[in-house]
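Derivation of every value follows stated rules applied to the coordinates shown; laboratory data play no part. Model, not experiment: these values are computed from the prediction. Methodologically, a virtual Cβ is constructed for each residue, glycine included, from the backbone with ideal geometry; neighbour enumeration extends over all protein chains shown.
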């Protein structure tokens, strides 16, 4: 029950209260670039959610067993090579950024191959967006958040996956809302110098203002779950 | 050579205003919005990004003949990730509070599209001199962009600039400007201002051309 409460809090936090796009500003490139039409925006949101979950699973595994200070695998290798060494001395966290970017790039590649093989129509509708997800900062951001909590030893696999999946859901919510607003904006008379990116930014600001209202929900759910 | 290659000086000047990474190309928006609540973190961010950009541009331009087309993006990202690790560790060692404040945004330099685009556009095609000039020019452009956003946000939101109190403390401040929505609003208005200035200049140039003809 306690785990469930924790997961619920993490889910609400990632999807609404601390929305990836509107509070942390990660994943802005697709948020501005692919939010012109509702259906492509939704497709992009789903693709990001999927990749973020796969990448989170892989990076949690890497962090837990290889990268964190005192991780089992490198320490086992080191102590079998050098029996005189003290246990738990090896710390590979210097390598974490390089490993994460590698993990993200390869999971995007894997997802692309899988989707192309088994869901050709879906692959066609994603088009060029799939490979572009590699440089989406939302995914690296999720990996870094997971790393922070795994190193502090307070998150397991369930919490990490919840953060990743609901972070992706939050991204989808934000980009779909934005696409809906931009479709309406096409019909509006916008001052000439504000057209394009500038008005999109201002709309995003108002959207972020609306999302700040969710911070009350997070606090109330917390009170409800831990009276 | 059939195609005209920009000289180092052109690369340098282009990076500052004509091809300003933030205002003209809309690249590197994530740090532009995230760390500009005040001048100090913004300038630290510019320093870290400039270090990574200059080093990565130099290295990719030195190894540009070895790059295979289908693997080049991976090579760029791994080069960048290496330098970001160096910058992150250095910041954590010598400026721990600032490193804590910037949090995940230092490692997120890896996926800053601005750096990858400079590797792709300039340094994988031209020699180290042009690559260095380009990196410095783009870094200055990035500095200008972040400084402008941070100036607006810190003065309106906190009444200070670089931590120096400008507006008397009894004046009310717009707290909104140092919160996330303020970042979007400030950058949106500045983008609009930049476009407006550009359009006005263009109109003036065409007017004077029409007048002389």
**Asked** Per residue of the protein assembly as shown, what 222 nm ellipticity follows from adding -39500 (n - 2.57) for every DSSP H run with n ≥ 4, rounded to the nearest 500?
**Response** -22500 deg cm²/dmol
**Complete:** The correct pair for the range A:29-148, radius of gyration to one decimal and Dmax as a whole number, both in Å and from Cα atoms, is 18.0, 63
**Prompt:** Using a simple spin-label model with points 7 Å from Cα along the Cα→Cβ vector, what separation in nm is obtained for residue A:212 and residue B:147?
**Reply:** 2.9
**Message:** Order A:72-83, A:53-64, A:35-46, B:95-106 from most to least packed using the mean count of other Cβ atoms within 10 Å.
**Reply:** A:53-64, A:35-46, B:95-106, A:72-83
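Take each of the peptides A:142-155, B:165-178, average the number of other beta-carbon atoms within 10 Å over its residues, and list them starting from the highest.
A:142-155, B:165-178
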**Request:** Quote to one decimal, in nm, the extra length available between residue A:94 and residue A:157 on full extension: 0.36 nm per residue of separation minus the C-alpha distance between them.
**Result:** 20.5 nm
**Item:** Inter-chain shielding of A:23-32 (mean C-beta neighbours from other protein chains, 10 Å cut-off)
**Value:** 5
**Unit Cα scatterers, Debye sum, the range B:8-145: log10 I(q)/I(0) for q = 0.09, 0.10, 0.13, 0.18 Å⁻¹** = -0.24, -0.30, -0.50, -0.95
**Message:** Between residue B:179 and residue B:202, how high is the FRET efficiency from 1/(1 + (r/R0)^6) when r is the Cβ-Cβ distance and R₀ = 41 Å? Nearest 0.05.
**Reply:** 0.70
**Residue mean of other protein chain beta carbons inside 10 Å, B:85-92** = 1
**Prompt:** Looking only at other chains, what is the average number of their beta-carbon atoms within 10 angstrom of each beta-carbon in B:109-117?
**Reply:** 4
**Prompt:** For chain A, what Kirkwood radius comes out of the mean inverse Cα-Cα distance, in Å?
**Reply:** 19.2
